[in-house]
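Here is the structure we will look at, set down as structure tokens.
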There are 2 protein chains.
Amino acid sequence: MALTADDRLGDAASALLGDRRLIIATNRGPVTFTTMADGSLRPRRGSGGLVTALGQVGRHVPLTWIAAAMSDGDRRAAADPKLLREAGGGGDDVRLRFATAERSVYEQAYNVIANPFLWFLQHQMWNLPEKPVIDASTMRAWERGYVAMNDAFAKAVLGQARGDRTPRIMLHDYHLYLAADPIRRARPKAIISHFTHIPWPPSSIWLTIAPVIREAIATGMLANDVVGFQTPRYAHNFLRMVESFVPKATVDYDAGTVRHRRRTTHVRTYPISIDVDATRRVAGSRAALRRADQLMGATRERVLVRVDRLEPSKNILRGFLAFEALLQRHARLRGRITFLAFLVPSRTGLREYGDYGRQVQNAVDRINARYGAADWRPVQLFYENDYAQALAGLSIADVVLVNPLVDGMNLVAKEAVVVSGRDAVLVLSETAGAFDQMADGVLAVAPADVAGTAEALAAALRMEPDERQRRIARLRRGVEREDITWWLRRQLEDLAEIAG
Amino acid sequence: MALTADDRLGDAASALLGDRRLIIATNRGPVTFTTMADGSLRPRRGSGGLVTALGQVGRHVPLTWIAAAMSDGDRRAAADPKLLREAGGGGDDVRLRFATAERSVYEQAYNVIANPFLWFLQHQMWNLPEKPVIDASTMRAWERGYVAMNDAFAKAVLGQARGDRTPRIMLHDYHLYLAADPIRRARPKAIISHFTHIPWPPSSIWLTIAPVIREAIATGMLANDVVGFQTPRYAHNFLRMVESFVPKATVDYDAGTVRHRRRTTHVRTYPISIDVDATRRVAGSRAALRRADQLMGATRERVLVRVDRLEPSKNILRGFLAFEALLQRHARLRGRITFLAFLVPSRTGLREYGDYGRQVQNAVDRINARYGAADWRPVQLFYENDYAQALAGLSIADVVLVNPLVDGMNLVAKEAVVVSGRDAVLVLSETAGAFDQMADGVLAVAPADVAGTAEALAAALRMEPDERQRRIARLRRGVEREDITWWLRRQLEDLAEIAG
């Protein structure tokens, strides 16, 4: 009898863990706590791609999940075993723990370094002649915030690894570039991996920032046994960075390894994916189906859909410019197509995001004013966080536009092919991590190429049904084969091999 | 008897050329013509690093120099052999010719594609969430402007190569990425090189723009026998680009070659430099010496100097922020240091440059208001194009700040060490091409690292005389050895070897 994907994941987990628990550390955990008016703590389930993806892990392996205490509620809950057990689901499958530090430490790590600095840096979102300005306060936030918060994570991880000389630890993303090193010093034989969910930019970008920061990141990452990236290009950029900034390291591009301080770090590619079954369940829920019906009633013959956080790197503005160019060049489409844009509020406290949102709204208003009619609104904007509604939108799309400037992976592209009920054509940026896996089934666009994006939309709308069907079938097989279980299993297998 | 540098250059030229002339093509030539009120044409000598550098070439080899007809005067002069002979110096050493096209063709090539698009792209100066927007008009300017202008250059080159099946041709810079291909088609055995004076960005940048453009550039460059870059990193980025966008090409990173259409293109590094003697002559001129005296009289004990076009990629703003941080942290310097900033007007028609200039002026005003006194102005700004004055400034500097965001080479860094009369310490961006040759004698800074730049300035001002002397002597030997003659000779030798 063939092994199921779950069986194979279970085997990989057993091989790696034996009777251990897998320790995962992420900035944002599955639950945060808010202090209520009466002083009690109320748990709230988190959302976001990373939490959703890792949430599946606990189904397959016994898990200790360490997240940053982000709020005062979290800091209080950190010391309350009962609350933590309830938040972890009541059983012992997922043990939730917090890495705690003073509020100012976390704020500086998160609101000065991780989000405005590393996120912008790695998505190349700066107007470089003006930003960033790395001044004394940035360097203080790095040292007292980011470095200190990574130390707090290391301490929390070590607290969960007590009595185990070889704990198995998976660190995640751009908040935790420095956590492996203090763990390694306390547990030289630990098995540690780090996975970066966002893009890894080329060295010319790292060259612009303070040497102290980039060298700490490059060196700190080498305390891991495995560092994982979404695509071969990001992995290559990391190897180049190490070669540039860690002179004592030996980089082997063909093997994808770095030798440093008598240790080997394996640089690997693990494109993340979705939980196909869970996605289908939500898309097939009564709420989503009803919403799909309503949307269908409110749209014209042809439906173009995008789903994104309202975020400059998603390139939403140029998407609307391309739609505008489409209506301008192809007059026969006027009155016959609806663009449904599901935009999820994001980082509303950052000025850049607010400015960008206003530009997006202005573009939509202009298009609707210029081309709309009493009975036809070309663009319908939904600005809310409603996952079922977004999947409903994707399910009725003829064309899905995913045109980020740059994107670690982009899970909307994968959700779209899984839930489509109309053999949607996917128009996808070459700069999305997902493009590496999906190139042979999508229409490719370059993100700044508004004229080319308009042409790709036109080609998608013209595509013959059998060609659409062939393409989405191919894409769907790919996503089904390389799903979130596959992503996790390959990492566990690699770590098990290294653990020997 | 040892060969002089001039002898060796002459030998290399003979080996390559035999009794031929070297054909050089650049956008901007040594002379442009303005139509006067009476209808006559007045020639005006050009300036700028490229013209200055190539101007030396004619001293060593018989040269036909083809430049774009940029003005109506140029277009008229193009047909007037007498004017052209006079503009070339009267003799036959430098033959000046124009590549002509309709004004609209040149305007689109230069003012839509080359300067606002390719320059910004290759210097990574965009706020990518908003710019560039490649729309139908951009694509028209590409096709009818840039492509057409490159064809016009090819035609002009072929006109000068009549009767020669193997002409020797050197193309220059970002205006002429496509000229080699039409030349190659007409003269399959021509020896053609292209040298890119500006940075070559990583593929993640090229990925954002229209495939038609990046593929035309990558493929078009492979019609050259040699493509030269300022640094190994830029050469590597080019090889990566070819690998990404020209699937039929075979890239050999170790050999630095590309095989494509049964031809080999050699990818080489030729860091450009200055004419050391000519630079010294200007710095030693009576005008410069007098100006140096005056500047010395108007400055305090310590003198910090920068010389740059007023251009966002030069990172002038962060330079002033670093100076401000220096005054703030090191109170003992207040009243004792003067920052002389020689800024040359540049591209004043582009909005980005105007905005940037205003920000720079505001920063200077703020610093002078905050720290200045009745008898001490911390920053003195010179906004004019006065080369002798700039060299005079460099000659009296204790510290020279060269902190570009990114820079193909940066010749100011090389001029500074040649003309210094005070053993100036050079504070240099790692992102300047010049850093590759000068790393062991400068204080390195990362361009966004304002705090680090302030510290580097403080370290430079504290440096002991003997250490300053050692460093500048080392840098000076390097610049004297690897000067403009060396830059040219190595290219001629490589081409001679290929010509067999």
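The figures follow:
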item: Rel. contact order, % - alpha carbon contacts under 8 angstrom, at least six apart, segment B:25-180; result: 25
item: Per residue, the convex hull volume that the Cα atoms of segment B:323-431 enclose (Å³); result: 126
item: Per-pair calculated FRET efficiency, R0 = 35 Å: residue A:382 and residue A:474 via Cβ, rounded to 0.05; result: 0.75
item: Accessible area (Å², 1.4 Å probe, nearest 10) - residue B:131; result: 70
item: Chain A - percent relative contact order, Cα under 8 Å, separation 6 or more; result: 14
item: Centre separation in Å (Cα based) which lies between segment B:236-289 and segment B:464-500; result: 15
item: Dipole moment magnitude, nearest 20 debye, the protein assembly as shown about Cα centre, only Lys, Arg, Asp, Glu C-beta charged; result: 240
item: Qualifying aspartates and glutamates (Cα of each under 16 Å from Cα of residue A:155; at least 8 residues distant if same chain); result: A:102, A:164, A:181
item: Using θ = phi - 60° and Karplus 6.51 cos²θ - 1.76 cosθ + 1.60, couplings along segment A:106-121 (whole Hz; Gly, Pro as x); result: 4, 4, 5, 5, 8, 8, 10, 9, 4, 7, x, 9, 5, 4, 5, 4
item: Rounded, prolate or oblate (a/c below 1.5 giving rounded, otherwise prolate when a/b exceeds b/c) for segment A:1-157 by Cα gyration tensor; result: oblate
item: Gap separating the Cα centres of segment B:164-184 and segment B:66-137, nearest whole Å; result: 15
item: Test item: Cα-centred dipole of chain B, Lys/Arg +1 and Asp/Glu -1 on Cβ, debye; result: 420
item: On Cα atoms only, tilt of B:351-371 relative to the major axis of chain B in degrees; result: 10
item: Cα convex hull of segment B:356-500, projected area averaged across orientations, nm²; result: 11.0
item: In nm, spacing of pseudo-spin labels at residue A:466 and residue B:140 (7 Å Cα→C-beta vector); result: 4.0
item: In order through segment B:313-323: 3J(HN,Hα) via Karplus (6.51 cos²θ - 1.76 cosθ + 1.60), integer Hz, x for Gly, Pro; result: 5, 7, 6, 5, 4, 5, x, 5, 4, 5, 5
item: Diffusion constant of segment B:187-293 at 10 °C, which comes from Stokes-Einstein with the Kirkwood Cα-pair radius and 1.306 mPa s, µm²/s; result: 101
item: Cα long-axis angle, helix A:286-297 against chain A (0 to 90 degrees, to the nearest 10); result: 30
item: Antiparallel content of DSSP bridges confined to chain A, in %, to 5; result: 20
item: Amide H within-cut-off set for residue A:429, under 5 Å, with H built and near neighbours excluded; result: A:402, A:403, A:445
item: Cut-off under 5 Å, modelled amide H: who pairs with residue A:194 long-range; result: A:171, A:226, A:227, A:228
item: Segment A:257-309: C-alpha gyration tensor shape, a/c 1.5 cut-off, then a/b vs b/c; result: prolate
item: Computed [θ] at 222 nm, helices only, for chain B once each DSSP H run of length n ≥ 4 contributes -39500 (n - 2.57); result: -13000 deg cm²/dmol
item: Proximal lysines to residue A:314, defined as alpha-carbon separation beneath 25 angstrom and excluding residues fewer than eight positions away on the same chain; result: A:131, A:414, B:131
item: Kirkwood Rh, Cα atoms: Rg over Rh of segment A:339-389; result: 1.03
item: Dimensionless Rg ratio for segment B:64-188, taking C-alpha atoms and the 2.2 N^0.38 Å reference; result: 1.17
item: For segment B:119-242, the spread of Cα positions along each principal axis, largest first, Å; result: 51, 34, 18
item: Reference-scaled alpha-carbon Rg (2.2 N^0.38 Å with N residues) for chain A; result: 0.99
item: Which of B:37, B:478, B:331, positive extreme of dipole for the protein assembly as shown (C-beta unit charges); result: B:37
item: Ratio Rg/Rh [Cα only; Rh per Kirkwood] for segment A:184-235; result: 1.01
item: Cβ-placed point charges (K, R +1; D, E -1), dipole of segment A:335-390 about Cα centre in debye, nearest 20; result: 200
item: Cα-based convex hull volume of segment B:34-119 per residue, rounded to whole Å³; result: 108
item: Tilt relative to chain B, helix B:232-245 - C-alpha long axis, 0 to 90 degrees, to 10; result: 50
item: Residue-count net charge about residue B:422 - beta-carbon cut-off 9 Å; Lys, Arg +1, Asp, Glu -1; result: -1
item: Residue A:374/residue A:440 FRET efficiency (R0 60 Å; Cβ-Cβ; nearest 0.05); result: 0.90
item: Three-way shape call for segment B:427-500 based on the alpha-carbon gyration tensor, with the a/c threshold at 1.5; result: oblate
item: Nm distances between copies for residue A:385, ranked from closest, using label points 7 Å along Cα→Cβ; result: 5.5
item: Compactness relative to 2.2 N^0.38 Å, alpha carbon Rg of segment A:263-390; result: 1.28
item: Rh by Kirkwood over Cα pairs, then Stokes-Einstein D for segment A:312-376 at 1.002 mPa s and 20 °C, µm²/s; result: 166
item: In the B-A interface, the accessible area buried, summed over both sides, Å² (probe 1.4 Å); result: 3400
item: Over 53 Å [Cα-Cα, the protein assembly as shown], rounded percent; result: 23
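The values are calculated or read from the model by the stated rules, or taken from the named source; none is laboratory data. This one's a predicted model, so the numbers in the text were calculated from it and none came from an experiment. So basically every Cβ, Gly included, is an ideal-geometry build from the backbone, and we count neighbours across all protein chains shown. These area figures cover heavy atoms from the full protein model, side chains too; ligands, DNA and RNA do not enter into them. Shrake-Rupley method; radii C 1.70, N 1.55, O 1.52, S 1.80 Å.
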